[in-house]
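To keep things clear, I will list the structure first and then write my remarks on it.
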Amino acid sequence: MSLGDGQNEIVFVFDYSCPWCKKWMEDVLPQIESRWLDNGEIAFKGQPLVLLNERSQLLATVDANAEQLIPEQYYELQRHIASDAEIDDYGTEAYVRRLAETFDVNAEVLLVPRVDEGIQNARLYTRDLGVDYVPTVYVNKIKLLDAFSLEEMEQVIKGEIQVGDQVEVDMAQ
């Protein structure tokens, strides 16, 4: 499922329990929306993984179920979950029940277990796509060195960085 349908693609791989992923969603995603998504230049995909803890598993399950149940609100729900990360019962069944009320969906359907699917996604992304940590961002199938760098994203979108290129990293930053 993607947000937008532009010819370029940004894939954000994250874990709901990761504070840096939350920061990325708060700081970087709005800039991506205003720079490329709103003008139809990109398609955006957010892929949660189960890497850090049991709460990650529950929220990845909710995410997968929401994608099927409420596709028109899917990315709104993803952002909502990320913004709630500081709530005491974040990632618990009680939290999911309140989330279901907010989005007017059946909590039981959001809570249907998808353990195998979550584990399979984590394996696919870590083994096959080289995700070593979260957040990881791919632009047009190129893994960025810095998931927070809009400049690096723009260079890939413009074709200035292509598959196989060696990129110099400024270690002074």
Classified through the alpha carbon gyration tensor (a ≥ b ≥ c as square roots of its eigenvalues; rounded if a/c is under 1.5, else prolate when a/b is larger than b/c, else oblate), region 1-69 comes out oblate
Over the chain, with a Gaussian network built from C-alpha contacts below 10 Å, which listed residue (Val163, Val96, Val13) shows the highest mean-square fluctuation? Val163
Of the candidates Gln162, Gln57, Gln47, which one comes out as most mobile in a Gaussian network treatment of the chain with C-alpha springs shorter than 10 Å? Gln162
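No lab work stands behind these numbers, since they all come straight from the coordinates. Since the model is a prediction, treat every value here as computed from it, not as a measurement.
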